[in-house]
Structures are given as C-alpha cells and as structure tokens.
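As structure tokens, the structure follows; a few thoughts come after it.
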Protein chains: 2
Amino acid sequence: MNILYDERVDGELPRADKAILLAELRQRIPDLKLLHSAEDLRPYECDGLSAYRTTPMLVALPERLEQVATLLKVCHAQKIPVVPRGAGTGLSGGALPLEQGVLLVMAKFNRILEINPQGRFARVQPGVRNLAISQAAAPHELYYAPDPSSQIACSIGGNVAENAGGVHCLKYGLTVHNLLKVEILTVEGERLTLGSDALDSPGFDLLALFTGSEGMLGVVTEVTVKLLPKPQVAKVLLAAFDSVEKAGAAVADIIAAGIVPGGLEMMDNLSIRAAEDFIHAGYPVDAEAILLCELDGVEADVHDDCERVRHVLEKAGATEVRLARDEVERAKFWAGRKNAFPAVGRISPDYYCMDGTIPKRQLPAVLRGIKDFSDEYGLRVANVFHAGDGNMHPLILFDANAPGELERAEELGAKILELCVAVGGSITGEHGVGREKINSMCVQFNADELTVFHAVKAAFDPSGLLNPGKNIPTLHRCAEFGGMHVHAGKLPFPELERF
Amino acid sequence: MNILYDERVDGELPRADKAILLAELRQRIPDLKLLHSAEDLRPYECDGLSAYRTTPMLVALPERLEQVATLLKVCHAQKIPVVPRGAGTGLSGGALPLEQGVLLVMAKFNRILEINPQGRFARVQPGVRNLAISQAAAPHELYYAPDPSSQIACSIGGNVAENAGGVHCLKYGLTVHNLLKVEILTVEGERLTLGSDALDSPGFDLLALFTGSEGMLGVVTEVTVKLLPKPQVAKVLLAAFDSVEKAGAAVADIIAAGIVPGGLEMMDNLSIRAAEDFIHAGYPVDAEAILLCELDGVEADVHDDCERVRHVLEKAGATEVRLARDEVERAKFWAGRKNAFPAVGRISPDYYCMDGTIPKRQLPAVLRGIKDFSDEYGLRVANVFHAGDGNMHPLILFDANAPGELERAEELGAKILELCVAVGGSITGEHGVGREKINSMCVQFNADELTVFHAVKAAFDPSGLLNPGKNIPTLHRCAEFGGMHVHAGKLPFPELERF
C-alpha cells in the first residue's frame, strides 16, 4: 500500500530545490509564465476558504497543453508536489498551496472550443467560467444546468474537481450528471480521455470516479458538458412559515406529491433578515423560515404545478404563499438567496460555512440539533440551504478577533458534521473535503474504506504528488485524530442509531 | 503494474486442486451448499449468452454473508478465481464460469430487508429480483425505476454489476443513478460500504466506479435503491413512419422540443412483423418503422405533452399517430416491444443481439450503415432499441447450423460496434462487456486507458482473482487482436472523423 504524502510533514521534508526546478522549467518551457517572488505569490496563498493560508513555492500559469504536460513531467522527475487550481473560488481549501509545491493555475485555459446544438454539448477548456458556457449556448436556447452560487467566477475545471452543485441540482443533478467527457493529464503528464459522447461508456466508470476527486487523480484539460434546452418558463413561489420544522415538513410534502421543482431552497430568520437588509428582495422578515420553490418547463405544466405546490404549502401551514409576479421579482427572490452568504458576512465579522448533507426526512431533527449546539456554544448559526437535496449550509457566525471564538466555531462545525453523519448523511454535499474537512473524513469512513481510497489514488498517482494532504486523510492522521469509529458501530449519537 | 489473469490461459494453468479446495470449504463452512458433479454443474455452464459455455470447477450457493466471506478468503488463499453470478440473465457472458474457478451464485440472498416510504428507499439482498422491489414498494405508491426487459427474472445484484438500463432510463437514468448505497465483500472477504443514504458521498465516487464493474471489484452483498413515486398516469403514443430515417429524425425532434418522455423506443419493419405475429400488439405491419413514446406524470401535464408530441410526430412525417386508448392497449404496445427479442427468435434459428450506444444525432447515419453491412454479409438485421438514449440493439439473424453463418454474424456484429465507436459512441449501453465484447474493448480504448483500468482493478483486487478475463482485456490480448487504434486517430471509418 502506497502511503500518501501528508501535508503536515511538508515542513519536515528536505527543502525542494527551487533554483534547480526553476532552471529546468525555464530551459524546457521557456515561454511558461512563472511567479516566484514573495509579492507575486501572495494573491495565491489561499482559495475561497481564507481561513487557511500557505505561500506556494512557485505558481505556474500555463496557456498550452504541452506546457502543462512538460511541467508535470519535470515536477514528477524532481518529486515536487503539484496543486492544481481553477478560479480559486472553492470553499474547502481544495486548492490550498504547499510551501514545497507548485501551484498549477489553469485560469488561462479559457476558450470555448465548440458549442454543438445538434449534439447538445459544449466542449470547453477548464478555465472557462461556469456562467460563460450558458451565455455561449444561449443563442441556441440551450444552457448548462449546474449553477453554484459562484457561477459568475468559478471555472468548469474546478466544478469537475469538486463535483459542484447549485440551486438547480435537485432537478438537473450535480456536475457528474451533466458531463459527457473529460480530458485529463496524469501526474506523469500523460493524456487520458474519460467518458464518451454517448450515454454510457464501457469499462469502469472513470469519469464519475474522477469527478469530485479534488485534483488528486489528474489535471482537467478539457471538458465536454451536456447542454439542456432552456425551460420555456420558470416561476418561483415564496412561502413563509412560523417555524423551521414546518418549513422542513413542507419540503418533504412537495417531494412526496411527485413534483420535481427546479429548485427548492430554505432560509431561516437570521438569513432572511441579513439577505433582506442587503438585497431588498421583498422577503417577509418576521417569518421563522421561508421556502423558495421554482417550477420550470412548458407553460401549461408550470401553471398546473404552481397550483399544486401552493395547495401543498398551504396545507403544510404556510402563513403566506406568494408567486413572483414577473421576471424582475423572480430574479429578486433568487438574488436574495444567492447573496445570502455575503449578506451574513455583513452582520458578523466572520462566518464559517458548513456543507453537510442529510437524508431529507432528518431535516427537522438536524435543524433542532443545530439550534441546541448553537445555544451550547453561544454562537449564532444562520441556515440557508438546498432543502430539496437535503444539502445544508449552516453558517456559523463568529469574530476571529475575539479570543477562542474561531476554535469554538470550528468545534461547533465539527459537531454539526458529526450529527449529519450520525443520521446517515455526509460531511459534504457540494463544497468538497479539501483541507478543511480532512479530519471529518475520519468520522465518515473507517480504515478499510480509507485504504481503498488510497489504493484508487495510487492507481492514478503512485507517487502521491498530486494535491497531497487534501480530500483523503492518511490513516496516521485519523489515528491521531481519534476518528474512524462510526462504521465500527460506535456512533457519536447512539440515540440516533436506528432512525 | 499487475498483470490481469486472462481466461485464455485457463487451460494452461497448473490445475487447481479441487479436492483440497473442497476439503477446506467443507471443514470451514460445513453448511455451505456446493455443487461439483458434472450433472449438477451443467445448468451453470452459461448465463443469458448461450453462445459461450464453460463448466465451472465448483458452484457455491451460499445463504449467509459469513459463508461468502469465508469462501472468498479460502479461494484467495488457494489462489482460485471466483466468478460472481446473480440470476444468470446477463447477455454478454459476464457470469461465464471458469474451468479452474468457483462460480459464486448469490441467488439465495433473496430477502427484501426494508422498504422505507419516508426515506424513499429499499434495502435488499442482491438476489432479489428487479420487479420484486417495485412489487414490494407498490402499497406505498412507490417503485424502482430501471426496468431491463428481463426484470421479472434478473436480480438487483446483477443489475448493479452490469449498470443495467431499460425502457425508462431515458427519463429516470441507469442503475447507477438509482442507487444510494451498496455493501460489498472484497476479493479478500472484507466488508465495504460504498455510497451513503444522502445525496452525495465525500471522497472518490466508489459507488459509481463499482456500478457496472461486472464482478471484477467485489461481490455485491446488499443494495439500497432509491424508490420513486409512481406516476399518476402514463400514456403511450404509437407513430408509424414510411422510413427508418424519418423515425430517427422524429426522435431528435421530440427531445429538441424539451419533452422528456418516460420511454422512447424504435422498432423497424422486421421487428414489428416478428412482434406482431407473436404478441398481436396491434402494430401497423406495413410501417417501415414505429416509435413508441410514453409520457408519464400528473394528469394535466401528460395530457398537454401528448398533444405536443403528436404535433411533433405529425410534422416529422408520421403516417399514423395513435394514442393507446386504455391501460390494456398501453400494456399491449409495451408487451410487443418487451418481447421483441423472443419474437425475433421465432423467425430465425439464432440471433445475435448487439448493444451499441451512439450520440443521438448519428441515428440515421448508423441505421444506414447497418443496412449496408446487412447487405454485404447477407444476413438480416432487426433493429429494436432505446431510441431516446441512442442505445441500439441490432439483432443479427443467422443459423448456427449453416456453415460459416455464426462467424459471419460475429464479424457483422463487430463491424456495427466499430461503426458505433467511430461516430463517437461506445460498444455497450446496458448489456455490459463481459466475455462477449472483450475484443471490442481494444477498439474502444487505447493502451494508456486500459492501463488505468488495470490499475483500478488492482486497487480492489491485486490478486486478479475476481471474474478474470471479462470486461477489461489484457494489453496482450489487444496486441494480438490488433485493436486499440481509434483514440490514436486511425479510425476504421475515416470519412466519419469529423461529424
């Protein structure tokens, strides 16, 4: 069994010889843009998770495939770890650099290579922004469905690496469900094609395996995504509730009625107030919770479904149900939701965004649990999330300058994730594990399961040089952390063992 | 790199000592049912692909998890290959036994462990029949969506191993899209859980990797599937066309209109006549092609969609469009389609069923290509398939007793698969690679890609003892076969290189 490189030993390694690396890169790839001064490196010391920062040894900004392939070959020969990075919007520190490593920034690969309306696909370079794909497909009345809140900035290569989600994943699936084919370079600089242009590909499903692998199995160099016809019409209902539990139950009722909304989101009072102050979306600020339910498709169907959903919501005890009267109001309803994170940032010096996923039926229980933890730790928690998917985003509000608050926030966050695992869920829905949740993986998986992850990693990257220290913890780390107990039957919440 | 066991060397291996194996199994698992007489072994010498037959050394019929785990440990220690088998209905020889191996039959694991209507899932043992899950869920108005034509007989464990499809996969996805969690035993008899009860699972997506791995990565011991609410109503339209190309174009038009039918199937004249003679489904026997388009959902939506599809079909040149007037006629329309394979079996002594998948826009071109090959080889080909998915099932009619016909049929089949790959498709959609299409994998993949498959196989099964000789060809085999050229740019159909 290959032992994965653990970033904790980064400092103890014999220092990589930066001068030798630079010399060879300059000789073999003279036109490759490299950054190595302290000043130039600073902007790259973190991604969207700013709580963790490391200055990379070197930043490479290639523009051509051959440059990337040669860079990988040189690093592999010199045993230098490589951390791939897209737009750097990730929220779990998946692109956190290594002091002894090269940060491989793929942002310059930003060309749309093909929009094929007959075949309903787009072939793009990995640095293309998520939203840019839909914009390029718009003249053909097509779009790319997964829409992370960062879609204006995040890149499709990063979306593949993190298996990104978004508001519309309930109906249209995660990134993995919207891909046809991905071209990658292995750690040794070899090209591989995963997937095909058809429905299914024989052999093992390496495309699904690669999606969400967080830069540990290869570097994305080209992505072919599925395009969908734009829905003729989309309408949004806003429902207010006087309790979070009632709103949670209404989510279950809508799904149980056989309706598949385009999006089904929940916000609690703290999030509602923060978003309303910031965006003026027209939210009812006295409600304990609101649901936003989008229905899309052809006109007649959407009209009927709106009536059915309204009926379900009223029966579930909604104190108010409001249909966005036009596109302007619909856009406002969504703007409030999509800007909820920055809105919460305005009411607290710092916040810590969690990303647990739970079976939907556990929603009321987990919301109650979060409330209890919040009281116990004396920190406010705002809940704004993809309710229809069971993908929660509790935002823990804290002040990093107040002594001990960061630690309390982290502890509270870990408690929430443990609760998610205990009710049969997982520690991440769409933000990835990255550096942030590496210890929580010890709670989610046992030693046998982690061993298989390591073996799969070694199948692609026997050297362990691609993005080490992220996503899959070493057994050593887990032993120190004292985790890996859930599957062995010792649940942290024994009262939840049967649910 | 681990060298995979190749079944061609089966005969050359030092003979496994059957007596020693039997003695150890009897001592360690006294209550395990074992078959080893020539007479008892005969029923197991093939699966649904009867063209290939091998008598296994031994058949094991365990009933408890511990028996399977111990069996695997004993075989692993004695270096004896193990071929897992579900109901034996597979069409690509994935469960073809080995002369020197144990056939591990999981049919006795046939208990439904849990139907959970709140959580919308069913937890079942691997030997449970596909249709039995929907039957058990029916009192809750739920069902399991993937519906292979063999659903009355095939088992869910086999469905997972083959990533089985069916008529309704267009709307509801393949097996992989309808799974939450799979429990497996590794080749060394260790238990692993893949997936979780929530939307997504962190780490690498081993559940997707395992699904469709054809018994090469582990033995399925428990499956948790998603259940869906039964559609309120389902209606079927039958449209007749005077050319296969027009029917193919109509398929594209329906999808382009943004409609997602529950099923969208095509049959050509030869299939129509065969099915009509057998089932009396009421098909128009003079049509060159028919489409069956099922629309399901809530009453009002289905009504509207039926009108829209009728309009599209008429515009596409349908000579007749007929709505099944009631459930009886709807069932008859589907019975004709689902029995098309046995129906073709009545008009030809033998047939050879292909399973190529192509990008939908290539449908007319590939249908023309099949027609040309059919003329060239002097063998009739019936086309009946999942048109909406681009998943084709050409049935090559031949007479195994006529000298040379089997060989001609195989050659014609290989030509069709090469054409599928050349237009950007793949050699299998839902039947798997198994033993049958092992050589075609050399056409689909290059040496680098196969090397990754082998590395992934080795991550789970370094010994190479699980179902050797299926699914992933050795590089040696491909070198002999002279394949592995498509990705290197040397397409067998250069005129199709850009499409």
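The values are calculated or read from the model by the stated rules, or taken from the named source; none is laboratory data. Keep in mind that this is a model prediction, so the values were computed, not measured. Note that we place each Cβ from the backbone using ideal geometry, even for glycine, and neighbour counts take in every protein chain shown. In case anyone asks, the SASA skips ligands and DNA or RNA and just uses the protein heavy atoms, side chains included. Shrake-Rupley method; radii C 1.70, N 1.55, O 1.52, S 1.80 Å.
When you count, for each residue, the other Cβ atoms within 10 Å and take the mean per peptide, how do A:191-197, A:435-441 rank with the highest first?
Numbers: A:191-197: 20.9, A:435-441: 24.4.
So the order, starting with the most tightly packed, is A:435-441, A:191-197.
At a threshold of 8 angstrom on Cα-Cα distance, excluding pairs fewer than six apart, so keeping six or more, what relative contact order does region A:257-384 reach in percent? Could the numbers behind the result be given before it?
On the way: 116 pairs, mean separation 44.8, N = 128.
Result for region A:257-384 is 35 percent.
Return the value, in Å² to the nearest 100, of accessible area buried between chains B and A (probe 1.4 Å, both sides summed). The partial results should precede the final answer.
Values: alone 20690 and 20710 Å², together 36210 Å².
The summed interface area works out to 5200 Å².
Subtracting the Cα-Cα distance from 0.36 nm times the residue separation, let me have the gained length for B:A19 to B:I347 in nm, one decimal.
Residue separation times 0.36 nm, minus the Cα-Cα distance, leaves 113.4 nm.
Please report, for A:G258, the nm distances (one decimal) from its label point, 7 Å out from Cα along the beta-carbon direction, to the equivalent points in the remaining copies, shortest first.
2.3
Going by accessible area, probe 1.4 Å, with all protein chains left in place, what is the ranking of B:K171, B:K315, largest first? Show your work: numbers first, answer last.
Details: B:K171 70, B:K315 175 Å².
Correct descending sequence by accessible area is B:K315, B:K171.
Compute all pairwise cysteine Cβ distances in chain A, then list the cysteines with no distance under 4.7 Å to another cysteine.
A:C46, A:C75, A:C154, A:C169, A:C293, A:C306, A:C353, A:C420
Please turn the phi angles of region A:156-166 into ³J(HN,Hα) values with the Karplus equation 6.51 cos²θ - 1.76 cosθ + 1.60 (θ = phi - 60°), one per residue in order, whole Hz, x for glycine and proline.
Along region A:156-166, the couplings run 5, x, x, 4, 5, 4, 9, 6, 4, x, x Hz.
For chain A, with every protein chain kept in place, what is the accessible area per residue (1.4 Å probe, Å²)?
On the way: 18110 Å² over 499 residues.
I get 36 Å² per residue for chain A.
How big, in percent, is the set of alpha carbon pairs in region A:321-369 lying more than 17 Å apart?
Numbers: 710 of 1176 pairs.
Of all Cα-Cα distances in region A:321-369, 60 percent exceed 17 Å.
Mind listing the long-range amide H neighbours of B:E320? Cut-off is under 5 Å, sequence gap 5 or more, other chains count too, H placed in the peptide plane at 1.01 Å from N.
Correct list: B:A240.
Can you give the mean number of other chain Cβ atoms that lie within 10 Å of the Cβ atoms in peptide A:454-461?
Values: counts 1, 7, 9, 3, 3, 12, 5, 1.
Rounded to a whole number, the mean comes out at 5.
Checking the a/c ratio against 1.5 first, then a/b against b/c, what shape does the Cα gyration tensor give for region A:204-247? Kindly include the intermediate steps, with their values, before the conclusion.
Values: a/c = 4.05, a/b = 1.83, b/c = 2.21.
Oblate.
What dipole magnitude, in Debye to the nearest 20, does region A:7-105 give about its Cα centre under +1 on Lys/Arg Cβ and -1 on Asp/Glu Cβ? Write down the numbers at each step before the final one.
Numbers: 12 positive and 13 negative charges, 33 e Å.
For this selection, approximately 160 debye.
Starting from one equal scatterer on each C-alpha and no solvent at all, send me the Debye-based log10 I(q)/I(0) for region B:87-132 at q = 0.27, 0.31 Å⁻¹, two decimals.
Values returned for q = 0.27, 0.31 Å⁻¹ are -1.01, -1.13.
For chain A, what is the convex hull volume of its Cα atoms per residue in Å³? Please report the intermediate quantities before stating the final value.
Working: hull volume 77.2 nm³, N = 499.
About 155 Å³ per residue, rounded to a whole number.
For the protein assembly as shown, what ratio Rg/Rh do Cα atoms give with a Kirkwood hydrodynamic radius? Provide the component values of the computation, followed by the final result.
Working: Rg = 28.1 Å, Rh = 29.4 Å.
In the protein assembly as shown, Rg relative to Rh is 0.95.
Among B:T54, B:P462, B:C353, whose Cα lies farthest out toward the positive end of the dipole of the protein assembly as shown, if unit charges sit on the beta carbon of Lys, Arg (+1) and Asp, Glu (-1)?
Most positive-ward Cα: B:P462.
What is the spin-label model distance, in nm, from A:S243 to B:K73 if the labels are put 7 Å beyond Cα along the C-beta direction?
So the two model labels end up 5.1 nm from each other.
Decide, for region B:89-183, between rounded, prolate and oblate: order the square roots of the alpha carbon gyration tensor eigenvalues as a ≥ b ≥ c, take rounded if a/c falls under 1.5, and otherwise choose prolate if a/b is larger than b/c, else oblate. Please list the in-between numbers first.
Values: a/c = 2.20, a/b = 1.54, b/c = 1.43.
Taking the square roots of the gyration eigenvalues as a ≥ b ≥ c, region B:89-183 is prolate.
If I compute solvent accessible area with a 1.4 Å probe over the protein chains, what percent of it on the protein assembly as shown is carbon and sulfur? Intermediate results must be reported in sequence, preceding the final value.
Values: 18380 of 36210 Å².
After summing per-atom areas, the C and S share lands at 51 percent.
Calculate the spin-label point distance for A:F481 paired with B:K33, positioning each point 7 Å from the Cα along the beta-carbon direction, and give it in nanometres.
4.5 nm
Take region B:34-164, drop everything but the C-alpha atoms, weight them equally and run the Debye formula without solvent; then report log10 I(q)/I(0) at 0.21 Å⁻¹ to two decimals.
Rounded to two decimals, the profile gives -1.19.
Using Cα pairs under 8 angstrom and six or more residues apart, how large is the relative contact order of region B:7-105, in percent?
Values: 156 pairs, mean separation 34.8, N = 99.
For region B:7-105, the relative contact order is 35 percent.
At 222 nm, what value in deg cm²/dmol follows for the protein assembly as shown if DSSP H runs of at least 4 each add -39500 (n - 2.57) and the sum is divided by all its residues, to the nearest 500? Intermediate values should be presented prior to the final figure.
Values: 34 runs with 345 residues, N = 998.
Taking each H run of at least 4 residues, the total per residue is -10000 deg cm²/dmol.
Would you compute, for the Cα atoms of region A:132-198, the largest minus smallest coordinate along each principal axis and list the three values in descending order, in whole Å?
Cα spread of region A:132-198 along its principal axes, largest to smallest: 37, 24, 21 Å.
May I have the extent of the alpha carbons of region A:233-343 along their three principal axes, as whole Å values ordered from largest to smallest?
Reported extents, whole Å, longest axis first: 35, 29, 19.
If you place +1 on the Cβ of every Lys and Arg and -1 on the Cβ of every Asp and Glu, how big does the dipole about the Cα centre of region A:210-257 come out, in debye to the nearest 20?
Working: 4 positive and 5 negative charges, 59 e Å.
Its charge dipole is roughly 280 debye.
So if I take the centroid of the Cα atoms in region A:211-233 and the same for region B:78-94, what is the distance between those two points in Å?
After rounding, the separation between the Cα centres reads 34 Å.
Say the cut-off is 29 Å between C-alpha atoms; which of A:K18/A:K415; B:K73/B:K108; B:K73/B:K226; A:K315/A:K415; A:K437/B:K79; A:K171/B:K235 go over it? Write down the numbers at each step before the final one.
Details: A:K18/A:K415 41 Å; B:K73/B:K108 20 Å; B:K73/B:K226 32 Å; A:K315/A:K415 34 Å; A:K437/B:K79 40 Å; A:K171/B:K235 22 Å.
Those over the limit are A:K18/A:K415; B:K73/B:K226; A:K315/A:K415; A:K437/B:K79.
How many partner chain Cβ atoms sit within 10 Å of a residue's Cβ in peptide A:107-118, on average, as a whole number?
For peptide A:107-118, the averaged partner shielding equals 1.
Just to compare against my own numbers: the Cα pair-distance distribution for region B:7-105, 10 Å bins, whole % per bin, please.
Cα pair-distance distribution for region B:7-105, in percent: 16, 51, 30, 3.
From the label point of B:D399, set 7 Å from Cα along Cα→Cβ, how far away are the matching label points in the other copies, in nm, ordered shortest to longest?
9.3
Through the Karplus equation 6.51 cos²θ - 1.76 cosθ + 1.60, θ set to phi - 60°, convert the phi angles of region B:68-75 into ³J(HN,Hα) values in whole Hz; use x for Gly and Pro.
Per-residue couplings from phi come out as 5, 4, 5, 4, 5, 5, 5, 5 Hz.
Based on Cβ point charges of +1 for Lys and Arg and -1 for Asp and Glu, what charge dipole magnitude is obtained for the protein assembly as shown about its Cα centre, in debye rounded to the nearest 20? Spell out each step's value before the answer.
On the way: 98 positive and 134 negative charges, 115 e Å.
In debye, rounded to 20, the protein assembly as shown gives about 560.
What are the nm distances, shortest first, from A:I20 to its equivalents in the other copies, labels at 7 Å along Cα→Cβ?
4.9
Return a whole-number percent for the relative contact order of chain B, with Cα pairs under 8 Å and 6 or more residues apart as the contact set. Before the final figure, lay out the partial values.
Details: 1094 pairs, mean separation 76.0, N = 499.
In percent, rounded to a whole number, it is 15.
Restricting attention to the alpha-carbon atoms of region B:344-496, what are Rg (one decimal) and Dmax (integer), both in Å?
For region B:344-496, the Cα radius of gyration and maximum Cα-Cα distance read 16.1, 47 Å.
Rounded to whole Å, how close does chain A get to the rotation axis onto B by Cβ? Give me the residue too, please?
Smallest Cβ distance to the axis, with its residue: A:A208, 2.
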